[in-house]
Amino acid sequence: MHRVFGPTPLQRLSLPEEFALLSYGENGRVPNSRQTAAGCAAAELGELALRRRLLVRPRKTRKLGVDIYQLRGEIELSPNTPNTPNTPHAGLTWAEDLLAALWTRTSALTPRPLTVTRWLRERGREALALHTSALVERGVLRHRPGTLLTRTRHHPDTALHTALIDGVCAVRAEQVPLDEHMLFLCDLLDGADLTKDFGLTMTRPQRLERARGIGAAGALPEALRDTSTVLGFSLPGRQGRTITVGD
């Protein structure tokens, strides 16, 4: 999905860049910095999942024909999956650096499996700073330095911010098909409570229906739905609450 900025097409944004841009409000701030940082780190994992470089394996059981999610996800890397010219966002430096770091953390020498929640705690601040800086360099976030009395602000480009929200609304209204990229973006925005700010609501049962492939999500691979579901539910609430079970 190509974005339009001004009179010329804007270079396609990655999933963490879209999440970061949508997190900044008109006041130049994010609702909860801890939550936004975790969301950026989760979006990075989502980007790698879209590129078929990793999956998140949830713990779920099946009762009476229904999958019950425990939402404790472990990161599982795909062995020897190279980039190809047709892969979305192929060649992103941060993605390759992140993948190398994940390979180290999930090697056979590491006794404990790497869970999503642990990784989000470790990576969050770095991910938020990285993608905020990238958006500033692209010119779609306007940086306003802080002073003795005010904090640093980052104001999103109004046209692009609105276009991204309109894309999410169009998917929710079933005006356009739900694709893999929008599945991850919607799950992350729901997990961060940002869709409420855009006038959209989705309950926990509705989110789990999407995870089970009910409705438009049924055409998408189950492994990607599982990965997207765990990433979205792994984000801490705005008041510090988290609904993730386990670590």
Charge dipole (debye, nearest 20) of the range 109-194; +1 at Cβ of Lys and Arg, -1 at Cβ of Asp and Glu: 640
How high is the relative contact order of the range 101-217, in percent, counting Cα pairs under 8 Å that sit 6 or more residues apart? 11
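By average Cβ neighbour count within 10 Å, what is the ranking of 221-233, 40-52 from highest down?
40-52, 221-233
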Here FRET efficiency (C-beta to C-beta, Glu122 to Asn27, R₀ 35 Å, nearest 0.05) is 0.75
If you count, for each residue, the other Cβ atoms within 10 Å and average over each peptide, how do 134-141, 14-21 line up from highest to lowest? 14-21, 134-141
Once the other residues with Cβ under 14 Å from the Cβ of Arg151 are scored (Lys, Arg +1; Asp, Glu -1), what is the net sum? +3
All other residues with a Cβ under 11 Å from the Cβ of Leu135 taken together, and with Lys, Arg as +1 and Asp, Glu as -1, what is their net charge? -2
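Read-outs: derived from the displayed coordinates by stated rules, not from any lab. Note that this is a predicted model, so its numbers are computed, not measured. Using ideal geometry, Cβ is built from the backbone for each residue, glycine included, and neighbour counts are taken over all protein chains shown.
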